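Read-outs: derived from the displayed coordinates by stated rules, not from any lab. The shown structure was predicted, so the numbers you read here are calculated from the model rather than taken from an experiment. Backbone-built Cβ (ideal geometry, glycine too); neighbour counts: all protein chains shown.
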Amino acid sequence: MKLLRLCCLALPLLALSVHASVLDSANAFGVLGASSVTNTGFSVINGDLGVWPGSSITGFPPGIVNGTTHTTDAVAHQAQLDALNGYNYLAGLSVTQTLTGQDLGGKTLDPGVYFFATSAQMTGQLTLDFQGLNNQLIVFQIYSTLTTASASSVLVINPGTSDQVFWQVGSSATLGTTTAFYGSVIADASVTLNTGATINCGRAIALTAAVTLDTNTINTGNCVSSPPPPPTIPEPATLSLVSTGAIAAGAAAWNSTFAGLGFAGTLAAIRRKMRR
C-alpha cells in the first residue's frame with residue numbers, strides 16, 4: 001500500500017476535527033482519474049470531472065457533468081497532487097479500531113479511524129453515527145481492496161455540521177450494483193462503480209489508474225447535516241413577566257412625573273403668598 005508516496009511528506013499533526021483542507025483543490029471533483037475515465041449510460045456527476053496524467057475521458061455524453069471537465073490540464077494535475085497529499089494524510093492518522101476480517105455491513109461506527117490490514121468488504125447496511133458533533137471525521141484505512149455487495153448502503157445518523165467520511169484504499173475500490181455509498185473514495189489504483197451505484201457527499205478518485213462508471217450518480221454535496229436550531233421564542237410566563245415589568249416601570253415613571261408636577265405647584269402657591 002502506498003502509505004507515503006512522497007518520502008519527504010511530514011505526517012500531519014492536525015486533530016481529526018480539522019479537515020477542511022484534506023483534499024484541497026480535489027474537493028471540486030466528483031470524479032478524478034489518473035489513466036482514464038470511462039462511462040457507460042446516463043451517469044450524472046455533480047462536480048468537476050478530470051483526468052491526469054492520462055488523456056482519455058469517454059462516455060460524456062450520454063453522461064452529464066454539472067461542473068467543469070479538465071483533461072490533462074494544470075487544474076487536473078494540481079487536483080491529483082492534492083488528492084495524493086490527502087491520501088497520505090489519511091493513511092497517517094492514528095487508528096481508533098482495527099476491523100481486519102470483519103464485514104462492515106451491520107455495524108454502527110462513531111467518529112474515528114478504522115483500519116483493515118487486508119481487504120474490506122461491505123454487505124448490507126453500514127451505519128455511521130456522528131453523535132450530533134460538528135466537524136468530525138470517519139476514516140477507513142484499507143490496506144488493499146474495498147468491495148461492496150449489490151444493494152449495500154451507508155446510513156448517516158445524528159449528524160452535526162461539516163462532518164465528513166473518507167475511504168483511503170491501498171489498491172482498488174469496487175462498488176456493487178445499486179450500492180448507496182457515502183463519502184470520498186481515494187484509491188491508489190482504480191475505482192469502479194457498477195450499474196446504479198451512487199456516491200453522496202463524496203467523490204471517486206483514482207491516483208494511478210482508471211475510474212469506471214456505469215449509470216451512476218456522484219454528488220460532491222448532498223451531505224447529511226443537522227438542521228439549524230429553531231428561533232428562541234419566550235414562553236408565555238416569560239412574556240407575562242416582561243409585560244408586567246414594563247407596565248410597572250411605566251406607572252412608576254408616570255407617578256414620578258406627576259409627583260414632580262405636584263411639588264412644583266406647591267412651590268408656586270408658597271411664592272404667591274409671600275408676594276402678598
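Figures for the structure shown
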read-out	value
Cβ-based exposure ranking for Tyr87, Tyr114, in which fewest neighbours within 10 Å come first	Tyr114, Tyr87
Cα→Cβ-extended label distance, 7 Å offset, between Thr98 and Thr177, nm	3.7
Order of Phe130, Phe116, Phe29 under a 10 Å beta carbon neighbour criterion, fewest first	Phe116, Phe130, Phe29
Where labels lie 7 Å past Cα in the beta-carbon direction, separation of Ala151 and Thr68 in nm	4.2
Two-site FRET efficiency, Ser56 against Thr127, from Cβ-Cβ distance with R₀ of 30 Å, rounded to 0.05	0.20
